[in-house]
Structure formats: structure tokens, C-alpha cells
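The values are calculated or read from the model by the stated rules, or taken from the named source; none is laboratory data. What you see is a predicted model, and the numbers here were worked out from it, not measured in a lab. Note that each Cβ is placed from the backbone with ideal geometry, even for glycine, and that neighbours are counted across all protein chains shown. Areas reflect the complete protein model, heavy atoms only, side chains present, ligands, DNA and RNA absent. Shrake-Rupley method; radii C 1.70, N 1.55, O 1.52, S 1.80 Å.
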Amino acid sequence: AIAAPDQVRRIIYNFEDETVSSWIFNIEDELMNLSFSDFMARLCDKWLSNTWFVEYGKILMTPQSNTPFTQWVNTLRNANKILRSKEDLYMDNKRLRRHIRVLLSDNLGVEYGTINGDAPGVLDTIADLNKWIARIGHMDDNLRQ
């Protein structure tokens, strides 16, 4: 783990965008004295629109459709992680799992129901979210063959 006083110092010079780098350079001393969360809040306030979270919320609401499950679920999980600071949008693992289940493609949803059986079914008993996602991913891969 990186010690709290070093967190901003370790990332501040890693931004590739010249405009962001220039902004950092001009107020470097001020930024270096911020906590990591305060630095990130300042960065987001400066460079993201006031409604940046809406775009990520839209990603969370996108059904799987024809997208391969693993690709789709990784996109959902990334958006969810980015929304961690937005308590009204962020989903814990239990809620995310239910959300994923509802947004599965029609074919994968039917396959899920067939394999799962009556609640609590065999898929419902997989407690670890990553293992559950891997199992659903295998099911989707098999359907796509």
C-alpha cells in the first residue's frame, strides 16, 4: 500500500494530456498538499462535466443484447467502480449481481433459468461474485459456439 502522504505525489506526474499536466504544473504546490480523495475531487471538478456520472449510469443500464457476456460485464463493473463516490448509483456486489441477472441477453437469461432451476438454484449458491461471473461467462461462450 502507498502511504497516504505519498499518494498524490505518486500519480500527479502521470497524466498524458498536456492541458491537465499544465494545470497541475501551475498549481503543483497546492495540489501536493491535498489528500488523495481531495485531489481526485479537485481534478474531477476541474476536468469533468457536472453530469459525468450520468454517462456511467447509462452504461449500467445497458442490457447485454448481442455483446459477449465477459466484455459486457467488464464494462458494467468498470462503470460501477467509477461511480463508487455516487452512493445513489453505485451497486454493492449483491445488488450488482441482481442487476446483471436482469440485463442478460434473452438467450443467456433462458439458459441461466434452465441451469439454475428453482430458487435458490445451483447458480444462486455461488457466493463469490467473480466465480459467478466466470460461470455465466462460460455459459455465454457455449451458447455462442
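Search the range 108-123 for residues that are among the polar types (S, T, N, Q) and pair each with any residue that is open to solvent by 40 Å² or more (accessible area, probe 1.4 Å) and not in a helix (DSSP H, G or I) when their beta-carbon atoms are under 8 Å apart and the residues are at least 6 apart or on different chains.
That search, which allows pairs on different chains as well, returns 116/122; 116/124.
Could you pull out the residue among 42, 9 that is in contact (Cβ under 8 Å) with a residue 12 or more places away in the chain and either in contact with a Pro (Cβ under 8 Å, 6 or more places away or on another chain) or among the basic types (Lys, Arg) (or both)?
9
Looking only at the range 96-113, filter to residues that are more than 16 Å from residue 77 (Cα to Cα) and hydrophobic (A, V, I, L, M, F, W, C); which one of those is surrounded by the fewest Cβ atoms within 10 Å (Cβ to Cβ)?
110
Tell me which helices (runs of 4 or more DSSP H) are completely within the range 13-52 and hold 3 or more residues being aliphatic (A, V, I, L, M) and open to solvent by less than 80 Å² (accessible area, probe 1.4 Å), or say none if there are none.
It comes to 36-47.
Could you say which residue among 80, 116, 93, 130 is open to solvent by less than 60 Å² (accessible area, probe 1.4 Å) and within 17 Å of the chain's Cα centre (by Cα)? Quick ask: steps written out before the conclusion?
Details: 116 fails: within 17 Å of the chain's Cα centre (by Cα); 93 fails: open to solvent by less than 60 Å² (accessible area, probe 1.4 Å); 130 fails: open to solvent by less than 60 Å² (accessible area, probe 1.4 Å).
Sole residue among the options that is open to solvent by less than 60 Å² (accessible area, probe 1.4 Å) and within 17 Å of the chain's Cα centre (by Cα): 80.
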